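See below for the structure under consideration.
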Amino acid sequence: LRPLAWRLPLSTETVDEALRVAPRVVIKERTEEVLREYGCRTFTGTRYSGVRFGIRTRGEKN
């Protein structure tokens, strides 16, 4: 799947469009600050990994 990956940074409009067609969007990023910019309120990740996952659901407000 790596050749099909989207290499450009996400925009908030892209996340909003994804939420229009999906009940939940999961974004992978290293810092929570960037995830908060996309409107994520739920974060998960492992203790040893520097990667965090932000989860935004359709019903959440920014």
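Read-outs: derived from the displayed coordinates by stated rules, not from any lab. In this text the structure is predicted, and so the values were computed from the model without any measurement. Virtual Cβ from ideal backbone geometry, glycine too; neighbours counted across all protein chains shown.
Restricted to the range 26-54, and to residues that are among the hydrophobic types (A, V, I, L, M, F, W, C) and more than 19 Å from residue 13 (Cβ to Cβ), which residue is surrounded by the most Cβ atoms within 10 Å (Cβ to Cβ)?
Result: 53.
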Testing residue 55 on (1) in a helix (DSSP H, G or I); (2) under 10 Å from the mean Cα position of the chain (by Cα), one condition comes back false. Which one is that? (1)
Expected output for the range 29-49 (first residue without any contact (Cβ under 8 Å) to a residue 60 or more places away in the chain, partner in a helix (DSSP H, G or I) and among the acidic types (Asp, Glu), Cβ below 6 Å, 6+ apart or cross-chain) is 43/32
Residues in the range 12-23: is at least one in contact (Cβ under 8 Å) with a residue 40 or more places away in the chain, outside any loop (DSSP other than H, G, I, E, B) and of a type outside the set (A, V, I, L, M)? no
